[in-house]
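In what follows, a single structure is set out as structure tokens and then discussed.
The values are calculated or read from the model by the stated rules, or taken from the named source; none is laboratory data. Just so it is clear, the structure is predicted and the values come from calculations on it, not from any experiment. Note: ideal-geometry Cβ built from the backbone for every residue, glycine included; neighbour counts use all protein chains shown.
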Ligand SMILES: [Mg+2]
């Protein structure tokens, strides 16, 4: 094999329309912004990756604008001229020149894996140790805050055979009303589909102690990150009194986070996300610590397009267990796509795309149509970050 030298790295910000409004606590989104990352080797082979985060830096401090700047100004100069298969060295070089910025690094790492897979003519899962599943059941997000609309949307999805579980965002309105809404939605779907809820760190321990028995009584099957990310002690106390599993998301980004949670006994379930942990290698390390501690795994999302979703699916196809599946639903919520053959869903389950690398290729016409006009920001477009007095959002 010829040496796989990195010749060039290109970053392109893309704004894709969403099918419907997505609420994120204080923000609401009508489009999903992402960065397409293209790495080209000296042999002319291309690898693609995606860096994405809904509605800007509220979740983890990064946005598509910072992702592009960090890659262009700091990561690309230390990667060009290096061998793409020296992944351990390349990841260390990125860490040397940029603290944090896990979303930017995850996007670059995905493109490097895709480049290696395309060069070797192997699917990414084969490079990661081999797949153990070909599909992933995904929970459909209910995110408008209007309980009747959410019930109608869920029943419609069930009728169409497009979902088997739902995730309801909570935490942005007064607690009692929020729990009433969640109970009504769960009861309307009882014995038809599982309902999980996610207050995105918005509750106090007192709030959670009041809400959990009520949610459990109507059949909510899991709650995600009710308390602030740093409050692992609170999560342990809650889990001891909760009849349903508590999943940690914001609390777990690194192996160190996972080790601390494991030592305290927090996290019956752990939400894995390539972006928050800095890529596939780091996410697998977090998963292995979680498994060693007896936690179960879940595949979370930042509403990636088909590009990033394909990379996520390659990764989670190699995980030994995902008892509640995940929520890689971005391509179903995004109204158009920038790949030649978008990822497919069958019966509410994401299918592992065939092909080499991550398994999808860029549609150049679509990319040209949706790439951001450099004279406008997402906020000026009124798209990514419109203020809203809102309740909840999908993903994240
Ligand atoms: Mg979450």
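Kindly evaluate residue 138 against the criterion of being in the same structural domain as residue 281 (by TED's automatic domain parsing) and under 16 Å from residue 308 (Cα atoms).
Details: in the same structural domain as residue 281 (by TED's automatic domain parsing): yes; under 16 Å from residue 308 (Cα atoms): yes.
Criteria met by residue 138.
Which one is farthest from residue 235 (Cα to Cα) among residues in region 169-194 that are within 16 Å of the ligand (Cβ to nearest atom) and touching a strand residue (DSSP E or B) at 6+ places or on another chain (Cβ under 7 Å)?
Of everything passing the filter in region 169-194, 182 is farthest from residue 235 (Cα to Cα).
For region 272-295, indicate whether the set of residues that are without any contact (Cβ under 8 Å) to a residue 12 or more places away in the chain, surrounded by fewer than 19 Cβ atoms within 10 Å (Cβ to Cβ) and touching a strand residue (DSSP E or B) at 6+ places or on another chain (Cβ under 8 Å) is non-empty.
No: region 272-295 contains no residue that is without any contact (Cβ under 8 Å) to a residue 12 or more places away in the chain, surrounded by fewer than 19 Cβ atoms within 10 Å (Cβ to Cβ) and touching a strand residue (DSSP E or B) at 6+ places or on another chain (Cβ under 8 Å).
Restricting to region 304-339, what's the tally of residues that are within 21 Å of residue 108 (Cα to Cα) and part of a loop (DSSP other than H, G, I, E, B)?
Taking region 304-339 as the starting set, the residues that turn out to be within 21 Å of residue 108 (Cα to Cα) are 304-318, 328, 330-331, 337-339.
Within this subset, residues satisfying the condition of being part of a loop (DSSP other than H, G, I, E, B) are 304-305, 317-318, 328, 337-338.
Selection size over region 304-339: 7.
Collect the residues in region 286-303 that are more than 14 Å from the ligand (Cβ to nearest atom) and part of a loop (DSSP other than H, G, I, E, B), keeping them in residue-number order.
Listed by number, the residues that qualify are 293, 294, 295.
So for region 361-379 (the condition being modelled with pLDDT under 70, more than 16 Å from the ligand (Cβ to nearest atom), outside any loop (DSSP other than H, G, I, E, B) and not assigned by TED's automatic domain parsing to the domain that holds residue 54), does at least one residue qualify?
Residues of region 361-379 modelled with pLDDT under 70: 374-379.
Then keep just the ones that are more than 16 Å from the ligand (Cβ to nearest atom); that gives 374-379.
Filter once more, so that each one left must be outside any loop (DSSP other than H, G, I, E, B): none.
There is no residue in region 361-379 that is modelled with pLDDT under 70, more than 16 Å from the ligand (Cβ to nearest atom), outside any loop (DSSP other than H, G, I, E, B) and not assigned by TED's automatic domain parsing to the domain that holds residue 54.
Looking only at region 195-248, how many residues end up being within 16 Å of the ligand (Cβ to nearest atom), in a loop (DSSP other than H, G, I, E, B) and over 20 Å from residue 176 (Cβ atoms)?
7
In contact with a strand residue (DSSP E or B) (Cβ under 6 Å, 6 or more places away or on another chain) and over 21 Å from residue 372 (Cα atoms): which single residue out of 45, 39, 80, 35 fits that description? Steps first, answer last, please.
Details: 45 fails: in contact with a strand residue (DSSP E or B) (Cβ under 6 Å, 6 or more places away or on another chain); 39 fails: over 21 Å from residue 372 (Cα atoms); 35 fails: over 21 Å from residue 372 (Cα atoms).
When all the criteria are applied, what remains is 80.
Among the residues in region 128-136, are any assigned to a strand (DSSP E or B) and modelled with pLDDT of 95 or more?
Going through region 128-136, the residues assigned to a strand (DSSP E or B) turn out to be 135-136.
Subset that is modelled with pLDDT of 95 or more: 135-136.
There is at least one residue in region 128-136 that is assigned to a strand (DSSP E or B) and modelled with pLDDT of 95 or more.
Assess whether residue 38 counts as being over 18 Å from residue 273 (Cβ atoms), modelled with pLDDT under 95 and either crowded, with 24+ Cβ neighbours inside 10 Å or more than 16 Å from the chain's Cα centre (by Cα) (or both).
Values: over 18 Å from residue 273 (Cβ atoms): yes; modelled with pLDDT under 95: no; either crowded, with 24+ Cβ neighbours inside 10 Å or more than 16 Å from the chain's Cα centre (by Cα) (or both): yes.
Against the criterion (over 18 Å from residue 273 (Cβ atoms), modelled with pLDDT under 95 and either crowded, with 24+ Cβ neighbours inside 10 Å or more than 16 Å from the chain's Cα centre (by Cα) (or both)), residue 38 does not qualify.
When you check residue 262 against the structure, is it surrounded by fewer than 24 Cβ atoms within 10 Å (Cβ to Cβ), more than 16 Å from the ligand (Cβ to nearest atom) and modelled with pLDDT of 95 or more, yes or no?
Numbers: surrounded by fewer than 24 Cβ atoms within 10 Å (Cβ to Cβ): yes; more than 16 Å from the ligand (Cβ to nearest atom): yes; modelled with pLDDT of 95 or more: yes.
Judged against the criteria, residue 262 is a match.
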